[in-house]
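Heads up, the thing below is written out as structure tokens.
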Amino acid sequence: MTDTLPDASAVPVVSALPIASTKQTVRALIALLRPRKRALALTTVVLLSATACGLSTPALLGLMVDAVTEGKPFASLLRITAFMLGAAAAGVALTWWSTQLLANVAQNVLADLREDVFAATLAQPSSLVEDAGTGDLISRVSGDVEAVNTVIARVLPATVSALFMISLTLVGVGVIDWRFTVAIVAVAPIHYFALRHFLRRSGPVYRRSRAAQARRGQQLIETLGGAGTVTALRRTDEHIGRIAETSEHAISFDMQAVRLRTNFFAQLNGAELLGLAAVLSVGYWLVTTGSVSIGAATAAALYFHSLFSPIAVFLSNIDELQDAGASLARLIGVTAMPGRPTSIPASARSEPIGVEVDRVSYSYDNSTPVIDSISISIAPGERIAVVGSSGAGKTTLAKLIAGIIPVGDGRITVDGTLIDDLSDAELRHDVVLVSQEVHVFVGTIADDLRLCAPDSDDAKIAEAVDTMKAQWIHELPDGLETRVGAGGYQLTAAQAQHIALVRLALLDPPVVILDEATAEAGTTAAGLLDQAAELAVAGRTAVVIAHRLSQAVRADRILVMSGGRVVESGTHDELIGADGSYAALWEAWSVRS
């Protein structure tokens, strides 16, 4: 059967998250290993010693054969046996020690890599991560990390040990007689060409397999996440079909990998048969000509036979090493992504600062601009309300000012500094966005609040709770120590938004952006959340995406957006007097209210 890759056009493998090249992966791996040079050197010495102990057995058995054939006393056999037992015991102990040393180094490297991946991911604009898809990211930080972890924990120690075993065995055979080495090396081309064919074919297969698994995961997440909508729109069969299609593509690569492995091992078995026949033939010839003893020939045959296992281990592990290599390249690809500059120290300012939006445009996927050449000047301490119909570009504008998505065309400055030049620390301190979608982390409410301000003590947290009028937190079963999230106290949507405003008070940023941050409030909670929102923006430069126009009335200036542009600007009274878009929105909202 001919091995052919599935049509690449049917299954695009390009991901928004990059995949590192082989050269990049090797450089990154060396950089991770460099701080652990001494540990690696010790591991190498111990592993070589363990291998040498293991290889003493064939040589000692050869001596035993010679002792028997030459009629030496029984005491000689006992001494040889004692040496064999001692070498075996030492080999076991050294092998255990070397495995522990190697695992310790490898696990620490993996831990550093995992942290680097998370740090690099969090340093990226959320738009890039969203474009890549949740499935791609999850498959990298879970499936790819697990693949590398499996290799580190099980495959890598066995592979390194096998390489040492092969090298020292060839040296041992050469010491007995160089012609045995020639017999062994004679079958090496079979191993070489089998391995070459396997590596050339398996690399692309594993890379495409990982990408196909990521797409399958993305499709599953999208379908399950929107299960209610899918069912309501009667699109169940269509989505099941999509899952089946992505699964079939993933399976096709898995099956091709199975065929490659089967052919590979068949060639290895053939090489073992031919090699053993060659060694036995050379041994017979050398013994009959008196060049070596029967014991030496026996030792050579045993040495070659002992190569079966390490060669099989090494070559079979290449399969998993290839898989892990593809996973490692995907992880290194994330760590190599450029993030925001981090060399600028975090700002300590808390007074209001100005924001300038200068001819900024932005579009998703190079389509119709969502933001179309907008220019806004926000003075320090000024409160701007942004209103408009759904799809006008309000949320995109909020994310641009917050630095969550990169500026396409134009420029945005915060206190005179380009937003792209701000470090993560400065941006987190200077500009904080509170959106309608609020995530509550698993743990206590105090733990949740400390995520944004880790140095906050209990007194500071309690002060922020009181400042934001969130006394209901104190009334929970355990107050600030109440566990929330999965398996804990279930907060309402309004309570979750209130916690987000308490986080804001802890951060105390100069610029605040509220993107419908009180939208989930019902009639009873609306007043409390509106009061908290007022407290949140007081004394700060603020941009409020208003879902209730009563919030816009209190703003210093109101911007009306439509089609990605600012079509009106002014105070509430000025815009009502102009009898334009805002006046129409106000009239419609007043009727509904």
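The values are calculated or read from the model by the stated rules, or taken from the named source; none is laboratory data. Just so it is clear, the model here is predicted, and its values are computed rather than measured. A quick note on method: Cβ atoms are made from the backbone with ideal geometry, for glycine too, and the neighbour counts reach across all protein chains shown.
Quick look at the numbers
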{"item": "Residues of the range 525-579 satisfying the condition of being closer than 25 Å to residue 429 by Cα, assigned to a loop (DSSP other than H, G, I, E, B) and free of Cβ contacts under 8 Å to residues at least 24 places away in the same chain", "result": "538"}
{"item": "Subset of the range 448-466 [surrounded by fewer than 16 Cβ atoms within 10 Å (Cβ to Cβ) and under 15 Å from residue 495 (Cα atoms)]", "result": "466"}
{"item": "Test for residue 248: is it farther than 30 Å from residue 71 by Cβ, part of a helix (DSSP H, G or I) and free of Cβ contacts under 8 Å to residues at least 24 places away in the same chain", "result": "yes"}
{"item": "Exclusive hit being under 30 Å from residue 219 (Cα atoms), touching an Asp or Glu at 6+ places or on another chain (Cβ under 8 Å) and assigned by TED's automatic domain parsing to the domain that holds residue 156, set 321, 331", "result": "331"}
{"item": "Criterion violated by residue 452 - all others in (1) within 28 Å of the chain's Cα centre (by Cα); (2) part of a helix (DSSP H, G or I) satisfied", "result": "(2)"}
{"item": "Helices (runs of 4 or more DSSP H) completely within the range 55-149 that count 2 or more residues being modelled with pLDDT of 80 or more and not hydroxyl-bearing (Ser, Thr, Tyr)", "result": "74-122"}
{"item": "Positions within the range 427-457 being within 17 Å of residue 542 (Cα to Cα) and of a type in the set (Asp, Glu), in sequence order", "result": "430"}
{"item": "Residue in the range 216-228 that is under 30 Å from residue 61 (Cα atoms) and surrounded by 15 or more Cβ atoms within 10 Å (Cβ to Cβ) present", "result": "no"}
{"item": "Residues of the range 212-270 that turn out to be of a type in the set (Asp, Glu) and either at pLDDT below 80 or not assigned by TED's automatic domain parsing to the domain that holds residue 189 (or both), as a count", "result": "1"}
{"item": "Flag if residue 462 is assigned by TED's automatic domain parsing to the domain that holds residue 387 and at pLDDT 85 or above", "result": "yes"}
{"item": "Number of positions in the range 268-305 that are farther than 11 Å from residue 183 by Cα and touching a His at 6+ places or on another chain (Cβ under 8 Å)", "result": "2"}
{"item": "The range 478-504: number of residues that are touching a strand residue (DSSP E or B) at 6+ places or on another chain (Cβ under 7 Å) and part of a loop (DSSP other than H, G, I, E, B)", "result": "3"}
{"item": "Criterion: assigned by TED's automatic domain parsing to the domain that holds residue 372 and touching a residue at least 60 places away in the same chain (Cβ under 8 Å) - qualifying residue of 445, 473, 499", "result": "499"}
{"item": "Filter pass, residue 520 being more than 23 Å from residue 371 (Cβ to Cβ), modelled with pLDDT under 80 and acidic (Asp, Glu)", "result": "yes"}
